[in-house]
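Just so it is clear, none of the values below were taken in a lab; they were calculated from the coordinates. All values derive from a computational prediction rather than experimental measurement. Virtual Cβ from ideal backbone geometry, glycine too; neighbours counted across all protein chains shown.
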Amino acid sequence: MSERQLIYAANWKMNLGPSDARRYSERFLALTSPIPGRSLWFFPPAVSLSAVSECMQSRADIRVGVQNVHWEAKGAFTGEVSIPMALEAGARAVLAGHSERRQLFGETDEYVARKAKAALNLGVTPVVCVGETLAERDGGRTEAVIVRQLAPVLEALEPPEWNRVVLAYEPVWAIGTGKNATPDDAAQIHELIRLELSHHGVSSRVPILYGGSVNSGNVLSLLARPQLDGVLVGGASLDPEGWAELVGLS
Ligand code: PGA
């Protein structure tokens, strides 16, 4: 049987500008060495991409990504970053549809699909995030919300393109709250997502990460579920010592 491949993704959000990002990267590299079957992805703020990708380039197990992009290559889009620009700064992945983008910046399911398609067209891996709010969960609408969020992405991408996509299930009520989904809950939603993909002829091998208050105390019980292919982590990835410890746990 082939070895299980796990992705540990760090989403720094609006933290760590270029100098802090460089210091973090140097410290992290000093603390860690590659672990077979694990790849480490970093999503720094766009202005810190070059610093992180330059520092980390010696490590084949590390990939750098951008937290958000516009789907157009260039033009009059004040404040936006394009995929070719992010590529030039070292990004090989892009987060699309993080709940903070959806909730605070009006990112729609259709925008998410356009970003994912544009990323694939330029050889960048989209990490498409889905997840329900607490009200949606309490109202029994988790499944409907996730199916709705996936629909435009399933429409936009051809089944073979899904071989280059990563999904992240991030329940909104678990993000930054210290209240993670239980391993059972996460595994159940990951299965639901796979079922939805299979209805559209998409391979069951698309990696699905779990995100939402993952820390070094709960990561092993979450990853004990074979339905999880890794984790997407905000708060617990912000200091190099803590993140190095978390990615090294087994
Ligand atoms: P958190 O964030 O780990 O701080 O809950 C996760 C995320 O938003 O990706």
* Structure fact -> So the compactness index of segment 64-112, its C-alpha Rg divided by 2.2 N^0.38 Å, takes the value 1.12
* What's the center-to-center distance, using Cα atoms, between segment 106-177 and segment 48-99 in Å? -> 18
* Choose one of A10, A51, W41: the residue whose Cα lies farthest towards the positive end of the charge dipole of segment 1-61 (beta-carbon charges +1 Lys, Arg; -1 Asp, Glu; about the Cα centre). => A10
* Where does the chain land on Rg/Rh, using Cα atoms and the Kirkwood Rh? -> 0.94
* How long are the three semi-axes of the equivalent ellipsoid of segment 187-250, in whole Å, if each is the root of 5 times an eigenvalue of the C-alpha gyration tensor, listed from largest down? -> 27, 11, 9
* Asked: Between S58 and R27, how many nm apart are label points set 7 Å from Cα along the C-beta direction?
  -> 1.9
* Structure fact -> Eigenvalues of the alpha-carbon gyration tensor of segment 1-145, times 5 and square-rooted, give semi-axes in Å, largest first, of 26, 21, 15
* Asked: About its Cα centre, what dipole magnitude does segment 1-59 give when the only charges are +1 on Lys and Arg Cβ and -1 on Asp and Glu Cβ, stated in debye to the nearest 20?
  -> 100
* Structure fact -> For the chain, the dipole about the Cα centre with charges only on Cβ (Lys and Arg +1, Asp and Glu -1), to the nearest 20 debye, works out at 360
* To do: Kindly state, to the nearest 0.05, the FRET efficiency for T108 paired with M14, given R0 = 30 Å and r defined as their beta-carbon distance.
  => 0.90
* What's the longest bit of the chain with no exposed GluC sites (Glu not before Pro), using DSSP loop states and at most 16 other Cβ atoms within 10 Å as the test? -> 81-250
* Structure fact -> Between S221 and D138, Cβ-based FRET efficiency (R0 22 Å, step 0.05) works out to 0.35
